[in-house]
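A quick write-up on the structure given underneath.
Taken together, the values in this text are just the output of simple stated rules run on the coordinates, not laboratory data. Treat the numbers as computed from the prediction; the structure is a model and nothing was measured. Here the Cβ positions follow ideal geometry from the backbone for every residue, glycine too, while neighbour counts run over all protein chains shown.
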Amino acid sequence: MVRLKFSIELNYEITHPGSDFIFNIHAAQTPHQTVVTEALTLSQPLESSLYTDPATHTRFLRLKAPGGPLSVRYDATIDLDHYTAQPDQLLEVPVANLPGSVLPYIYPSRYCQSDRLLRLATKEFGQLWQGYARVQAIRDWVLNRVTFQSNTTTGITSAVDTLVEEVGVCRDFAHLMISLCRAVNIPARFATGIDFGADPILGPTDFHAYVEVYVGDRWYLFDPSGVAIPMGFVRFGTGRDAADAAFATIFGGVVGAAPVIQIEAIPNAQGVLVMPHHVPYALSTDGQLLRT
């Protein structure tokens, strides 16, 4: 079991009194990701509410703040007790047999125009064995096609843009992989959080976007950007694409600074320090889903 301790600090200057915030910075509670401790600290005496989406386990923090500086800090310790499976045992699920909650993730969405990539996906991946290996082939194709480079895309960059430009950051890699998976009828969703083990050459620890793909009977982790270690992913939220899973959505006049994030691996409840590392088997922090 991996135990990770982390903190997130977000700082804002509110120029329009009465601005509203929706944050997605709380660690999700899932069958294989447990929040051991957590604390939220606000620099202003504000009322806040926390809503948990019953389908995705995403936790939304809502608050309204007057003018002036605002600091939001979230500290947590979480346990990751991954579900593991052998890749050659994981088959794709026919659309007719998908659980109802999975169906939204086979359609095109704002940043994942899978309908526009149908011909490409069929040509590249249509003849491959229909299972985890095909998903891995899509992940590898995206990794080899796109170059990771900070500050090369914007908030409106889509999967098609990334395919053309062949450059992007983690969210762009995720959007392209998701689009290609959906184009061959494999459910795929966008996941956000933070990670332990990213290459320090990329700069300070930041939020990370990755992909969860439904094969077998649950959602499995993939990192098409190749810059992180899936075993070290802490999940905050999931959605069809980045539009559903922003770490902060702000309504009003606000100027923000870069987030300050720190994360470390610490001894688990058994006193054993387990460092996230790459593994040859499939990993999931989600539970089993049954057809409904």
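Direction-averaged shadow area of the convex hull around the Cα atoms of the stretch 83-240, nm²? Before the final figure, lay out the partial values.
On the way: hull surface 35.3 nm².
Approximately 8.8 nm², given one-decimal rounding.
In percent, what relative contact order does the chain have, based on Cα pairs under 8 Å that are 6 or more apart in sequence?
Values: 699 pairs, mean separation 85.0, N = 292.
Over the chain, the number comes to 29 percent.
To make sure I understand, if each residue's beta carbon is the centre and we count other beta carbons within 10 Å, what order do Trp141, Trp219 fall in, fewest to most?
Values: Trp141 18, Trp219 26.
Fewest-to-most ranking of Trp141, Trp219: Trp141, Trp219.
Just to be sure I understand: of the beta bridges DSSP finds with both ends in the stretch 83-240, what percent are antiparallel, rounded to 5? Working shown, then result.
Values: 18 of 20 bridges.
Restricted to the stretch 83-240, the bridges split so that about 90 percent are antiparallel.
Antiparallel versus total DSSP beta bridges in the chain: what percent is that, nearest 5? Provide the component values of the computation, followed by the final result.
Working: 68 of 70 bridges.
Once the DSSP bridges in the chain are tallied, antiparallel ones form about 95 percent.
Pop out the ³J(HN,Hα) list for the stretch 237-252 in order, Karplus 6.51 cos²θ - 1.76 cosθ + 1.60 with θ = phi - 60°, rounded to Hz; leave Gly and Pro as x.
Computed from phi, the couplings for the stretch 237-252 are x, 9, x, 5, 6, 4, 4, 8, 9, 5, 6, 8, 10, 10, 10, x Hz.
Give the relative contact order (percent, whole number) for the stretch 83-240; include only Cα pairs under 8 Å separated by 6+ residues.
26 percent
Quick check: net charge around Asp140, other residues with Cβ under 14 Å of its Cβ, Lys/Arg +1 and Asp/Glu -1?
Working: positive: Arg134, Arg139, Arg145; negative: Glu124, Asp223.
That works out to +1.
Of Tyr105, Tyr210, Tyr281, which is the most mobile in a GNM of the chain whose springs link Cα atoms less than 10 angstrom apart?
Tyr281
Of Val160, Val95, Val213, which has the largest mean-square fluctuation in a 10 Å C-alpha GNM of the chain?
In the Gaussian network model the winner is Val95.
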